[in-house]
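The structure appears right after this line, and notes come after that.
The values are calculated or read from the model by the stated rules, or taken from the named source; none is laboratory data. Keep in mind it's a predicted model, so treat the numbers as computed, not measured. Every residue, glycine among them, receives a Cβ derived from its backbone with ideal geometry; neighbour counts consider all protein chains shown. Areas reflect the complete protein model, heavy atoms only, side chains present, ligands, DNA and RNA absent. Shrake-Rupley method; radii C 1.70, N 1.55, O 1.52, S 1.80 Å.
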Amino acid sequence: MEALIPVINKLQDVFNTVGADVIQLPQIAVVGTQSSGKSSVLESLVGRDLLPRGTGIVTRRPLILQLVHVDPGDARKNDDGGREGEDWGKFLHTKNQIYTDFEEIRQEIENETERLSGNNKGISDDPIHLKIFSPNVVNLTLVDLPGITKVPVGDQPIDIEVQIKDLILKHIANPNCIILAVTAANTDMATSEALKVAREVDPDGRRTLAVVTKLDLMDAGTDAMDVLMGRVIPVKLGLIGVVNRSQLDINNKKSVTDAIRDEHAFLQKKYPSLANRNGTKYLARTLNRLLMHHIRDCLPDLKTRINVLAAQYQSLLSSYGEPVEDQSATLLQLITKFATEYCNTIEGTAKYIETAELCGGARICYIFHETFGRTLESVDSLGGLSTIDILTAIRNATGPRPSLFVPEVSFELLVKKQVKRLEEPSLRCVELVHEEMQRIIQHCSNYSTQELQRFPKLHEAIVEVVTSLLRKRLPITNEMVHNLVAIELAYINTKHPDFADACGVMNNNIEEERRNRMRELPSAVSRDKAPAAGTQGEQEGTGNWRGMLRKGEDAPGSGPGSPLRGAVNLLDVPVPVARKLSSREQRDCEVIEHLIKSYFLIVRKNIQDSVPKAVMHFLVNHVKDSLQSELVGQLYKSGLLNDLLTESEDMAQRRKEAADMLQALQKASQVIAEIRETHLW
């Protein structure tokens, strides 16, 4: 199981090469307040002085520290001195440069920190990666985080406390992270900020290990026995006490090895019963054991996560496409694919089907049979026509002679006016279909042919060609739809079978009504002496010219001061709106209304059937049939190849990043496969 930690280090190296944080690997995060002894604990685990020292906040960027155990014989030569060195370090940002002088490592950490975080004590969440090789360390991956602070100092931002806390939570919220909560023994454990922050993300304490530092600095007469026994604050993974080097020891260049020896002596003297379960060496072994078990538990989920990400990045890389080698073939392929997807979207056989809304041919069908159909059905056959309008049309059609029958001219005049009202919704139907065919262009660009995103100029050119083709077909289709209505207006076919049936029913109703009126006449009065409707109207003074010329009645428009006052206005409409119609007039109006309704329904049915057919033939099908030839004719030209197939500026970079990440994930998958083969878990 010891080999698991190098495996994780290898995985960390794999993902470090691509600078990605998509996989949360098992690691140990060190959390504590400023001056709680975090740096001393880390240096004790490494066995070397390598971390920056000073007052206030020193760690201002996360330091990911990988400790790699090597055999004593695997030593590196010092570049300048030529002597062998057992310990050496490497930074990720300096590539393959090897550091054998740990003073240089400390200086490089300070320089790299100031490079991103500045020199004003600000912080950054961009980590520094450092790997230490030594025969004196156990395999561990540690993350040194900025110390928790409360009050900003110097040029620190006012919200420095919030920034540091957010940075800490970002790392320890990782469920694969073990939290090393560092607290000084000379402070109250109940007020430990490190344990408080750890409990926010690990309330059960299943992945928190407490470290109590500065055991030798407790007040006289007190000890940490209760704390180390877990009686004050119980922690599931345990509490381990350590003794740090004092600032005086550091100034006097006391080595970490000597400090560990003195620590052991102190524990044997002060806490003899607990000495074997505390101290730096025991802490290193415990961390190594905890990390190994934690890695073993995390590997199955880690493998699943890596496989899922590998599939996602493979799909992403495929969408970016391969670098263009044969420009002519690539251009023709993209044009063909776009035209095919455009037609498939209309036919409903596209690869990417919308689930949120109707699209393509489905929306066109909805426009024809729902939007257009309902709009036509909502058009009232007698809309805009009043009874007076109908009566006026009848009288105008008779001229100076009184009519015995309803004139056909009045029917044609009125029905044409109503049929004309069907033209506007028909043209609106064409417009809606045209808009949907424009939307299909964007749909194909976004979902069906993602390769077009690689070549923005080609995408713009294709959109322009298709838009131009649609724009050319729009007036032709509108003209055809206009002609369909004009055809209906050109000849009113009163011999239409449906219209003839309606007229026959109407004539039967009128004849039946005439017979009923004749039966109601008194038997004593002969038919030729029966009072006529006009006589009754004449007695009432309405409905005839005599009534209009009654003495004292002014003609419309002959108000006070008018020269027509007292005269008859022969140019005015001779039918007042408010007057009561005679039975003959009422019957004539009903006849015309019934005829208009019958014929209008026939025409509406024709228009509802013919307009969609015209739109499909002149617009939809024509565009489908000529789209590819139009695109090839406009774009497939040698002089345009280089310009059209110029990739967007960031596409090559994104393709490289996706390829690198996919390669890293594939390597990680191989590493985990090796673990299974060697039965490490």
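Given a 1.4 Å probe and the protein chains all in place, what does the accessible area of His496 round to, in Å² to the nearest 10?
50
What FRET efficiency, computed as 1/(1 + (r/R0)^6) with R0 = 45 Å and r the Cβ-Cβ distance, is obtained for Lys416 and Glu347, rounded to the nearest 0.05?
0.70
I'd like the distance separating the alpha-carbon centroids of region 606-624 and region 122-153, in whole Å.
Here the two parts' Cα centres lie 71 Å apart.
I'd like to know how region 93-196 sits against the 2.2 N^0.38 Å rule of thumb: what's its Cα Rg over that expected value?
Computed over Cα atoms of region 93-196, the ratio equals 1.25.
Quick check: convex hull over the Cα atoms of region 364-429, volume per residue in Å³, rounded to an integer?
83
Please work out how much length the chain gains when fully extended from Thr392 to Met225, using 0.36 nm per residue of separation minus the C-alpha to C-alpha distance, in nm with one decimal.
My answer for the length gained is 48.7 nm.
Can you tell me the FRET efficiency between Ala329 and Ala486 if r is taken as the Cβ-Cβ distance and R0 is 30 Å, rounded to the nearest 0.05?
So, using R0 = 30 Å, E works out to roughly 0.05.
At what distance in angstrom do the alpha carbon centres of region 642-667 and region 432-494 lie from each other?
Cα centres, region 642-667 to region 432-494: 35 Å.
Step through the residues of region 31-40 one at a time and calculate ³J(HN,Hα) from phi using the Karplus curve (6.51 cos²θ - 1.76 cosθ + 1.60, θ = phi - 60°), rounding each to whole Hz and writing x for Gly and Pro.
10, x, 7, 4, 6, 8, x, 4, 5, 5
Once the principal axes of the Cα atoms of region 236-379 are found, what is the range along each, listed largest first in whole angstroms?
Its Cα atoms span 101, 50, 32 Å along the three principal axes.
Given a 1.4 Å probe and the protein chains all in place, what does the accessible area of Glu104 round to, in Å² to the nearest 10?
Only protein atoms counted, so the area is about 90 Å².
Could you work out what % of the accessible surface of region 177-335 is carbon and sulfur, using a 1.4 angstrom probe and leaving DNA, RNA and ligands out of the count?
Carbon and sulfur: 50 percent of the exposed surface of region 177-335.
At 7 Å along Cα-to-Cβ for each site, give me the label-to-label distance between Asn186 and Glu103 in nm.
2.9
Determine Rg/Rh for region 203-294; Rg is computed over alpha-carbon atoms and Rh is the Kirkwood hydrodynamic estimate from the same atoms.
Taking Rg over the Kirkwood Rh, I get 0.99.
If you take all C-alpha pairs in region 140-219, what percent of them are over 20 Å apart?
I get 39 percent for the Cα pairs in region 140-219 exceeding 20 Å.
Return the distance in nm (one decimal) between the two label points of a simple spin-label model at Glu479 and Leu382, each offset 7 Å from Cα along Cα→Cβ.
4.0
Provide Rg over Rh for region 613-655; use the alpha carbon set for both Rg and the Kirkwood Rh (inverse mean inverse pair distance).
Across region 613-655, the Cα-based Rg/Rh ratio is 1.27.
Once you keep just the Cα pairs under 8 angstrom separated by 6 or more residues, what percentage relative contact order results for region 337-469?
It rounds to 35 percent for region 337-469.
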